[in-house]
Each structure stands twice: as structure tokens, then as C-alpha cells.
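Remarks on the structure that follows.
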Amino acid sequence: MSSADGRWHPSRAGFYLPVRALSRIFRAKFRAALIKHGLFGEIPEEVWAQAWNVHCQAAGDGRDAVSYLAHYVFKVAIAESRIVHVDDQEVRFRYHHAHSNRERTMTLPIFEFMRRFLQHVLPRGFMKVRYYGFLSPSSAMPWEDVKARIEMASGFDVPEVEATLAVASPLRCRQCGGVLRFCRVVLPGDSALPALSSRAGDGLAMLTTIAAGP
């Protein structure tokens, strides 16, 4: 926040903008837009006489907003598995309240359900996720060129990232504790199974795969 002396001071937690002042500004901007497009006469006069309320709250660093919107990136508004019943009159489905794990059931008239569902459908020409530039699937630019252009445009070096693969712990025999070593696939009725099993005992157990028959 800026004070009268021109210095910035941290605001209290949860504060973003003064809601009352923002509400008056939003009402004035909305009214000016209606007048500009010739729609002001269609609005009743009492609308401008009452106080408006603009919902405004701090969003923090945006992580909660990103977490909420991430559910709509590749998924539809509601999964088919959540719909319990559908007929000519209504739709019943399961849902959860925010910050609650208790499953609830809601029943809506079929047209109200369709109205809510269509609110999550993007207008024509819009896309949920659009990859462009070097992130586009059709881009054939080598990583070295991408790195060089970022460094030239930003003025800082892009550090090299070394991918480390976690080494899985070896499988061990439940009986002797020895490390399991794959030998071969044993089919049903194969006489080699007893011979392979008898070779274990030197601290290195033998791992065989029994293929199921038809």
C-alpha cells in the first residue's frame, strides 16, 4: 500500500483492494460502457441508485487458483462415474464440498444440469491449453538453440539440469532373503522347474516366471 508520503507499506493479510471504492469504480465503468454501446436505456434507474458490491479478495501467490483450474485443463466438468441416475426429468450425481471428504448427492432438473455443464464449455475458437513456440509438438528446434535464445533475450545463463534416475532396490526372496535373479520363463508342465529351484542356496535366489496356461 502507498501512503501520503509516497512510501510503500505492507498491507494486512487477506487485503487486496478497498472493496467499497472498487465497487463505485466498477459501477461507473459499467455504466459508461452501456452508454457507449447504446444499452443504458434498457437498465432500470433504481439499479444505479443502490450500492454495488464487487467481490474482491487476495489470491496469495496464485497456487490455490492454479490448483483449482488444473482440474479443468484436460478433464470435463463432471466425470461420468459421478452421475448416479438420469431420466427425462432430473439428474442425480455425487459431489464433495470444498475442504470436506464426505460424499454428498445432488439432484437437479435436467435443463438446470445442462445449463451448469455448458458453463464449462469454452466458446468457439478458444482452447484450454495451447502450446506454441518451442513447446509446440511441431517444433523441431534443438534444446541448445532454445537455451541460447533464452540467454540472449533474458541476459542470464540457463543452468544445465541433470536428470537423476532413482535406482530401484533389488527384489529379494521371502524365504532366504537372497537377491532374486531372473533366469527364464517356465511354462506349465516344464520339467526344468525342479532343476532351477535346486540351484538356489548360495545367497542368490533364482527368480522364475510361471506363464499361465490357456
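The values are calculated or read from the model by the stated rules, or taken from the named source; none is laboratory data. Predicted model, so just to flag it, every value in this text is computed and none were measured. Cβ sites come from the backbone with ideal geometry, for glycine too, and all protein chains shown count toward neighbours. For accessibility, only protein heavy atoms count, side chains too; no ligands or nucleic acids. Shrake-Rupley method; radii C 1.70, N 1.55, O 1.52, S 1.80 Å.
The chymotrypsin sites (Phe, Trp or Tyr not before Pro) of the range 102-163 that DSSP puts in a loop, and whose beta carbon has at most 15 other beta carbons within 10 Å, are PHE126, TYR131, TYR132, PHE156.
Near LEU34: Cβ cut-off under 12 Å, other residues only, Lys/Arg at +1 and Asp/Glu at -1. The net charge is +3. Per-residue extension of 0.36 nm, minus the Cα-Cα distance of ASN53 and ILE78, leaves a gain of 5.9 nm for this segment. Of the accessible area of the range 52-92, computed with a 1.4 Å probe over protein heavy atoms only, carbon and sulfur atoms account for 53 percent. Using the Cβ atoms and a cut-off under 13 Å, what net charge is assigned to the surroundings of THR105, where Lys and Arg are +1 and Asp and Glu are -1? With Lys, Arg at +1 and Asp, Glu at -1, the net is +3.
Extending 7 Å from the Cα toward the beta-carbon at both HIS96 and PHE30 defines two label points whose distance is 3.5 nm. When you restrict to C-alpha pairs under 8 Å that are six or more residues apart and normalise by the size of the range 43-182, the relative contact order lands at 10 percent.
Loop-located GluC sites (Glu not before Pro) in the range 1-99 (DSSP state other than H, G, I, E, B) with a sparse environment of at most 12 neighbouring Cβ atoms within 10 Å: GLU45. The charge dipole of the range 75-134, taken about its Cα centre with unit charges on the Cβ of Lys, Arg, Asp and Glu (plus for the first two, minus for the last two), comes to roughly 380 debye.
What does the C-alpha gyration tensor say about the overall shape of the range 91-133? Classify as rounded when a/c is under 1.5, otherwise prolate if a/b is larger than b/c, or oblate. Verdict is oblate for the range 91-133.
Loop only per DSSP, at most 13 neighbouring Cβ atoms within 10 Å: give me the trypsin sites (Lys or Arg not before Pro) in the range 56-161, ordered by residue number. Qualifying residues, ordered by number: LYS75, ARG102, ARG124, LYS128, ARG130. For the range 17-129, the solvent-accessible area works out to 86 Å² per residue, with a probe of 1.4 Å and every protein chain left in place. Each residue was assigned an accessible area with a 1.4 Å probe, and for MET106 the value is about 50 Å².
Computed with a 1.4 Å probe over protein heavy atoms only, the accessible area of CYS183 comes to about 50 Å².
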